[in-house]
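The values are calculated or read from the model by the stated rules, or taken from the named source; none is laboratory data. As the structure is a computational prediction, the values presented were derived from the model and not from experiment. Here Cβ is always computed from backbone atoms with ideal geometry, including for glycine, and neighbour counts include all displayed protein chains.
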Amino acid sequence: MSDIDTADPAIAPAKRSVRWHIWIFLAPAFLVYTAVMILPLIETLRLSLFNVVDGQMAFVGLANFQRLFGDPRLAADFWNALWNNVVFFIIHMLVQNPIGIALAAMLSLPNLRFAAFYRSAIFVPTLLSFVIVGFIWKLILSPIWGIAPGLMDLVGMKSFFSPWLGKSESALITVSLISVWQYVGIPMMLIYAALLNIPDEVLEAAECDGITGWSQFWKIKLPLILPSIGIISVLTFVGNFNAFDLIYTVQGALAGPDGSTDILGTLLYRTFFGFQNQIGNRPMGATIATVMFLIILAGVSLYLFVIQRRMRRYQF
Amino acid sequence: MTRILKGMLFATTVLAPAGIAMAQETQLTIESWRNDDLPIWQEKIIPAFEAKHPNIKVTFAPMAPTEYNSAVNAKLEAGTAGDLITCRPFDLSLAMFEKGQLAALNDLQGMENFSDVAKSAWTTDDGATSFCVPMASVIHGFIYNKAAFEEVGVQVPKTEEEFFAVLEKFKEDGNYIPLAMGTKDQWEAATMGYYNIGPNYWKGEEGRKALIAGTQKLTDPQWVEPYATLAKWKDYLGDGFEAQTYPDSQNLFTLGRAAIYPTGSWEIAPFKSQADFEMGAFAPPVKAAGDKCYISDHNDIGIGLNANSKNADAAKTFLSWVASPEFADLYANAAPGFFSLNNSPVTMQDELAQEFVSWRENCETTIRPSAAIVGRGDPNLDLEMWRASANVINGTMTPEQAGEETQKGLDSWYKPAK
């Protein structure tokens, strides 16, 4: 500070003092983030342009991408994984987020008893490790030891039970619903917070105008929480296209049966690290990672530049 | 920046273990996928070695079998792998040797104790250099519950027809699940199914070598028929076998809920400690009575020297000991079901293990078809066969499609030598 005070008084008022503390406080986060996120990201993008030629790493331009989309097997694997990933995302959007909003709306009802208990109980699975979630659901749904067949028998629905995780037509839906079960607490909490932010005056004014109950939710509350729903959709999109852990713990790296639960994350894992007798292919893995990055980037940009700008905001 | 970062990573991963090596005695680490065998190594094998070589301390560091290959490859590339590397047979270890990660062991004392066949799984294609000490082979077959067989009143099947008759009997009886196998993990379907019964169809080595030479195709009847037989197993598997995992199958059998368990000899030791009924074993049934039988006697496990090991001399001492008859005897009896490849005859105490090994007298032996030469490409034939076998049993693929798909995958990269 003192050196600035002694500077030429003619310029001093125009120049703002250099606020070093900002940079100092930012530095640790910036350095750590650069070391563990940005550099690896750049390195991955770079690796996708290289491949082993005659035992040496060499720059090959876009040849890896050409192979990924041109080779019939790799392309089939990739499109299969991408499509499964889209289904995975759609199920989350159609099941997780509406349920999350509904739960939040119910929790914010002023005369609900045990609201705090419900809120915690629904949020707890989100805090559990995906390994535990995957393992307990595998056990619950196991046709041999699981409690699902027995419970369904109690209500006379035994005939509807099938080994869902082992059938290609139902495995992806089952895994998606397990994931929904685990993460439904997040949209619930965010929407809950948004709902609590709506000032009582607005709601009272609505009541004076005769808007109550359902129409109050649709006409007053929902427009006010739309920005939060947008954020949740983006979070779901990013989370789903980066997903890997739950599928890996429930279905293994092969994401069976017959690749029906294979999403981009598991495909990337198998390609990059290899599996069993398949040896890992680092450049091709980096290529898939790059494509994933671009897909997520495109989705987020679409939201930020197209959807978010058109969203109407209300100031209270 | 990258360089500094790499330096930091290097310092934390490579240099850290170096501190331990400074101690007086030499420290050896074995990388392995046999996490089931951890107690055997810790309680029997390593103490026996350390008693003879008190200045060498050995650590057995196993990991999960499905993660072993990629993990050990990554460790070798980063220079953090242990001194001794447990070798998968054939193409995987060969790739490591070709990359200079495994040392040549031709002049290792004790290598003369092994036949060329035993060494074949860890020798270059031209047969000149060996790079792993052969430890053991495993034999495929079926383990059955003797009490269950008596209860239902059936005999051990010799032919395929008898085999299905036995399964049908168990199904009618209803007390036991006829076959304990699931398709969720996929590898059981191929390893315990296709590779197990297949050699009787493609006539063992004859078919395997013809496949490598390109004179037979996976679409030929001798390669498709085993799939058709596997498809018939479906009716005799437990409810919900599509979601049944490998540990599920093991538990179903050892808890006495299933009658027959298609498997390999590696299961003997764990089963002995878990099952409280008497177990027997039979070789894959032949098609018609009197047919020559073929079994899969797969060179499964060897041990090699990390070419960058700092303790190469101590590691070689250990490897020579592994090549000795003393180790052969110790290992074959400590881990029954892993059969010694050593020339010196080993007397095994375990009856079930003796039963498995007795098939060698009458049957021709072969190895898994996807292991050597045709298994080194992308897509990997072994994984393709896992998927195809599981699909065939699930009924989502016909045997013919399974043959076509696997052949198509092989054609995409493999050109047989002319």
Fill in the blank from the handout: Note on the range A:275-294: residues among the hydrophobic types (A, V, I, L, M, F, W, C) and free of Cβ contacts under 8 Å to residues at least 60 places away in the same chain are A:PHE275, A:ILE279, A:MET292, A:LEU294
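Name the helices (runs of 4 or more DSSP H) wholly within the range B:134-236 that hold at least 2 residues that are buried (at least 17 other Cβ atoms within 10 Å of the Cβ) and among the small types (Gly, Ala, Ser)? Before you say what the answer is, go through the steps one by one.
Numbers: elements: B:146-152, B:160-173, B:199-202, B:205-213, B:221-233.
Hits in the range B:134-236: B:205-213.
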Exercise for the section: For the range A:267-282, name all the residues that are touching an Asp or Glu at 6+ places or on another chain (Cβ under 8 Å) and either assigned to a helix (DSSP H, G or I) or of a type in the set (Lys, Arg) (or both). Expected result: A:LEU267
Practice task
Among the residues of the range B:306-325, write down those that are assigned to a loop (DSSP other than H, G, I, E, B) and more than 27 Å from B:PRO345 (Cα to Cα).
Solution key: B:ALA307, B:ASN308, B:SER309, B:LYS310, B:ASN311
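Name every residue in the range A:79-123 that is among the aromatic types (Phe, Trp, Tyr) and modelled with pLDDT of 95 or more, in order of residue number. Talk me through it step by step, then tell me what you get.
Taking the range A:79-123 and keeping what is among the aromatic types (Phe, Trp, Tyr), we get A:79, A:83, A:88-89, A:114, A:117-118, A:123.
Result: A:TRP79, A:TRP83, A:PHE88, A:PHE89.
Among the residues of the range B:251-263 satisfying the criterion of being under 16 Å from B:HIS140 (Cβ atoms) and of a type outside the set (A, V, I, L, M, F, W, C), which is nearest to the other protein chains (Cβ to nearest Cβ)?
Let us first name the residues in the range B:251-263 that are under 16 Å from B:HIS140 (Cβ atoms), namely B:253, B:260-263.
Next, only the ones that are of a type outside the set (A, V, I, L, M, F, W, C) stay: B:261-263.
Values: B:TYR261: 14, B:PRO262: 17, B:THR263: 18 Å.
Step by step, filter the range B:251-263, then rank; the result is B:TYR261.
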Completion exercise
Within the range B:27-43, restricting to residues that are closer than 16 Å to B:MET63 by Cβ and not in a helix (DSSP H, G or I), the one that is farthest from the chain's Cα centre (by Cα) is B:THR29
Practice task
Look at A:ILE220 and say whether it is of a type outside the set (Ser, Thr, Tyr), touching a Pro at 6+ places or on another chain (Cβ under 8 Å), closer than 23 Å to A:MET311 by Cα and touching a residue at least 12 places away in the same chain (Cβ under 8 Å).
Solution key: no
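Which is of a type in the set (A, V, I, L, M, F, W, C), in a loop (DSSP other than H, G, I, E, B) and surrounded by 15 or more Cβ atoms within 10 Å (Cβ to Cβ), of B:ALA74, B:ALA81? Give the derivation first.
Details: B:ALA74 fails: in a loop (DSSP other than H, G, I, E, B).
That would be B:ALA81, the only listed residue that is of a type in the set (A, V, I, L, M, F, W, C), in a loop (DSSP other than H, G, I, E, B) and surrounded by 15 or more Cβ atoms within 10 Å (Cβ to Cβ).
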Practice task
Would you point out which residue out of B:THR124, B:THR66 is of a type in the set (S, T, N, Q) and either out of contact with any strand residue (DSSP E or B) (no Cβ under 9 Å at 6 or more places or on another chain) or closer than 30 Å to B:LEU255 by Cα (or both)?
Solution key: B:THR66
Problem - Cβ-Cβ under 8 Å pairs, at least 6 apart or on other chains, the range B:74-96 side within 14 Å of chain A (Cβ to nearest Cβ), far side assigned to a helix (DSSP H, G or I) and among the hydroxyl-bearing types (Ser, Thr, Tyr) - result: B:ALA78/B:THR13; B:CYS87/B:SER93; B:ARG88/B:TYR68
Completion exercise
Matching residues in the range B:353-397 (among the acidic types (Asp, Glu) and away from chain A (no Cβ under 14 Å)) number 3
Handout entry: Every residue from the range A:236-260 that is more than 14 Å from chain B (Cβ to nearest Cβ), crowded, with 21+ Cβ neighbours inside 10 Å and part of a loop (DSSP other than H, G, I, E, B)
Key = A:ALA243
